[in-house]
Amino acid sequence: MVDSKHPNVVGSADVPHSPRHRASLPVASKPRHRADKPDGDGKGTSRHDETAGHYLLASIPRASADQTVGAVIADLMSHKYDCLDIVCVLDAEKHLIGITPLTSLFALPRETKMGSVVHDSFPKVHATTDQERMASLALHHSLNAIPVIDANDRLLGIVPSVALLHILRRE
């Protein structure tokens with residue numbers, strides 16, 4: 001059961017610094033029905049559970065551009081994350097500068113700097129992005145997961161592959 005003080009939906013507000021634990025909230029579960037809420041322009045309604053924020057996982061691997069692949073792998077081995085589809089590479093201000101798929105990370109020399117191996121042209125979405133648009137972007141770009149950013153391009157988390165498949169199956 002979800003405590004009303006810690007809702008499942010993440011809007012455009014920043015995610016708290018502590019890791020988000022969702023053991024009792026499977027990503028692929030059927031979204032809860034909520035009353036429609038007005039969207040940002042007030043012209044219509046949008047369902048909060050049909051946005052990227054609804055599927056967002058914040059406890060994900062993050063790295064800086066100057067970290068080595070070996071240091072990132074060591075971090076992966078010592079922490080529990082909600083999703084290991086991609087490693088998000090951030091600058092000093094926590095802006096998303098690129099992603100690296102986990103599968104390619106293990107094939108790289110351990111002394112390689114993450115900044116030299118990131119994919120820097122990739123789609124990213126805001127928490128309020130429609131789920132169908134988000135899933136379409138991920139499919140078009142062959143991504144296992146898609147990063148979610150705030151209005152200042154700071155990483156909030158990712159929408160994992162399981163959620164993307166769930167959305168595509170429903171749409």
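The values are calculated or read from the model by the stated rules, or taken from the named source; none is laboratory data. Not measured: the values here are computed from a predicted model. Cβ sites come from the backbone with ideal geometry, for glycine too, and all protein chains shown count toward neighbours. Note: areas computed on protein heavy atoms with side chains; ligands, DNA, RNA excluded. Shrake-Rupley method; radii C 1.70, N 1.55, O 1.52, S 1.80 Å.
List of remarks:
- Computed from the Cβ-Cβ distance with R0 of 22 Å, the FRET efficiency linking residue 140 to residue 103 stands at 0.70.
- Taken along the Cα-to-beta-carbon direction at a fixed 7 Å, the label points for residue 153 and residue 95 span 0.4 nm.
- Stretchable slack from residue 171 to residue 64, in nm (0.36 nm times residue separation minus alpha-carbon distance): 34.9 nm
- Rounded to the nearest whole Hz, the Karplus-based 3J(HN,Hα) values (6.51 cos²θ - 1.76 cosθ + 1.60, θ = phi - 60°) of region 74-87 follow the sequence 4, 5, 4, 6, 9, 10, 9, 10, 6, 8, 10, 5, 9, 9, with x at glycine and proline.
- Where 94, 113, 80 fall by accessible area, highest first, once all protein chains stay in place (1.4 Å): 80, 94, 113
- Residues of region 57-83 with amide N under 17 Å of the 7 Å Cα→Cβ point at residue 113: 63-72
- Using C-alpha pairs below 8 Å separated by at least 6 residues, the relative contact order for region 102-149 is 39 percent.
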